[in-house]
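The values are calculated or read from the model by the stated rules, or taken from the named source; none is laboratory data. All values reported here derive from a predicted model rather than from experimental measurement. Methodologically, a virtual Cβ is constructed for each residue, glycine included, from the backbone with ideal geometry; neighbour enumeration extends over all protein chains shown.
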Amino acid sequence: MAEEAPGRLTITSPRGTRRVRSLSIDGLEIRRTSIDALRIASIQDGDTLEEREVANLLEDAEPQAAMNRALRILGHRERSTAELTDRLSEDGYTRPVIESVLAKLAEYGYLDDARFAEDYARAKRASGWGRRRIAAGLAEKGILPDMSGPVLDAHLPQSNEIERACESVKTLDLTDRKGRARALRRLVSRGFSYEVARAALDRLKGDAQDIR
């Protein structure tokens with residue numbers, strides 16, 4: 001079996017990516033990785049290397065770089081597992097590297113989907129979102145119904161949906177048709193059902209009449 005010969009390494013940026021780098025030896029692409037992993041491994045464009053040497057250098061560098069990157073991302077705000085997976089994948093890390101990093105982060109308590117769902121629901125409720133929109137937002141973040149359901153029931157029970165809708169538009173002028181239509185659009189856009197929105201407006205109208 002012929003011994004692998006070293007060749008000239010070329011590092012390029014694939015179109016449409018920011019942090020991913022393509023590695024080629026003598027014009028033949030051998031793999032892709034993150035720019036951060038290349039820095040840690042001290043791999044530079046123009047190096048003379050064998051494919052096996054590149055793999056060995058990145059074997060230790062990629063997990064370290066991925067962990068550093070994940071901690072920087074989590075330092076800005078809480079993330080779901082799905083969100084962090086997507087971000088690391090976009091950076092060029094392989095599935096095994098990502099799964100290893102996610103497992104360690106969960107073990108250390110830095111990554112917790114239940115905590116993320118709780119924080120997300122509380123924050124969006126404070127912003128006036130309805131249960132339906134918050135549920136959709138959690139689904140987009142990769143939170144499954146068996147986890148999001150109890151969170152929604154705890155923080156946004158169906159029985160209080162009309163009260164929350166009233167709270168969301170109580171500062172609007174509802175004395176004319178245009179104002180009520182604007183309030184209805186706001187409620188629906190925030191994830192309240194049409195039926196809940198109408199019931200809330202009827203309640204606010206009744207309260208205003210009682211005051212007069």
query: Of all residues in the range 119-128, which are assigned to a helix (DSSP H, G or I) and of a type outside the set (Asp, Glu)?
result: 120, 121, 122, 123, 124, 125, 126
task: Quickly run through the range 20-52 and pick out the residues that are acidic (Asp, Glu) and over 20 Å from residue 89 (Cα atoms).
output: 26, 45, 47, 50, 51
- prompt: So, in the range 132-153, of the ones that are of a type in the set (A, V, I, L, M, F, W, C) and free of Cβ contacts under 8 Å to residues at least 12 places away in the same chain, which residue ends up nearest to residue 113 (Cα to Cα)?
  reply: 144
- request: Considering only residues that are in a loop (DSSP other than H, G, I, E, B) and not acidic (Asp, Glu), look in the range 156-182 and name the one that is nearest to residue 117 (Cα to Cα).
  value: 156
- prompt: Taking the condition farther than 27 Å from residue 26 by Cα and touching a residue at least 40 places away in the same chain (Cβ under 8 Å), does residue 51 pass?
  reply: no
Answer residue from the range 121-152, given it is more than 20 Å from residue 167 (Cβ to Cβ) and charged (D, E, K, R) and is surrounded by the fewest Cβ atoms within 10 Å (Cβ to Cβ) among those: 146
message: Checking the conditions here, which among 138, 172, 156 is among the hydrophobic types (A, V, I, L, M, F, W, C), over 30 Å from residue 35 (Cα atoms) and modelled with pLDDT of 95 or more?
response: 138
- prompt: Looking at residue 194, is it over 27 Å from residue 79 (Cα atoms) and among the aromatic types (Phe, Trp, Tyr)?
  reply: yes
